[in-house]
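Right, one structure below, let's go through it.
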Amino acid sequence: MVRLSSILFFSTVLLSCTDDNFPEGLYDYQVVRLLSNETTKTWQLLNIEPESCDSTYYYEMSNQVDSIGVAGIRWNCQSGDYTDTIFIDHATPSSLGLTFSDSLIFDDKTYWIVDEVTSTSLKIRQYPGEHHVRLVSLDQ
């Protein structure tokens, strides 16, 4: 009986995530909450590939009810300067029904594919340009 329970438990854990590294069945509003912490959340750049000398170092994501307001502080590695906070755009989570599919679509039609999202970690691919970006939350 214990062995059967263990097998069922591990099967459930293994099958509860998709290849996209975020739990299957997240609703779009849950993704908004993970990204914005219900109000505003700050994310710091850990790495970006390919490397970019003029990249957004901090992202601030705020809950806008049906979308996420995204602002950023850019950093230039040549000058070593940070720019003022700039508003990037509003992003809407893509969904099939209410279930989050895999991307954040901006008003200007650019998008981010979300490879992984938790309350403390975010891994995205930014398009156009196909930058692979890993962020960590500063709001614990």
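The values are calculated or read from the model by the stated rules, or taken from the named source; none is laboratory data. What you see is a predicted model; the values in this text were computed from it and never measured. Here the Cβ positions follow ideal geometry from the backbone for every residue, glycine too, while neighbour counts run over all protein chains shown.
Might you let me know whether segment 22-30 holds any residue that is under 24 Å from GLY97 (Cβ atoms), among the aliphatic types (A, V, I, L, M), at pLDDT below 90 and surrounded by 12 or more Cβ atoms within 10 Å (Cβ to Cβ)? Yes, segment 22-30 has at least one match.
Restricting segment 91-107 to residues that are within 17 Å of GLU130 (Cβ to Cβ) and touching a residue at least 12 places away in the same chain (Cβ under 8 Å), the residue that is surrounded by the most Cβ atoms within 10 Å (Cβ to Cβ) is LEU104. Going by the structure shown, is ASP66 within 14 Å of TYR29 (Cα to Cα), at pLDDT below 90 and acidic (Asp, Glu)? Taking the combined requirement at face value, the residue satisfies it.
I'd like the residue in segment 37-52 that is touching an Asp or Glu at 6+ places or on another chain (Cβ under 9 Å) and of a type outside the set (Phe, Trp, Tyr) and, out of all such residues, is farthest from ILE68 (Cα to Cα). This residue is PRO50.
Suppose we filter segment 40-67 for residues that are part of a strand (DSSP E or B), among the small types (Gly, Ala, Ser) and under 20 Å from PRO128 (Cβ atoms); how many remain? So the answer is 1.
Whenever a residue of segment 72-88 is touching a residue at least 12 places away in the same chain (Cβ under 8 Å), its partners that are among the basic types (Lys, Arg) and assigned to a strand (DSSP E or B), lying with C-beta atoms within less than 8 angstrom and at least six residues away or across chains, give the pairs TYR82/ARG74; ILE86/ARG74. Looking across ASP102, ASP89, one residue alone is of a type in the set (Asp, Glu), part of a strand (DSSP E or B) and within 16 Å of VAL31 (Cβ to Cβ). It is ASP102.
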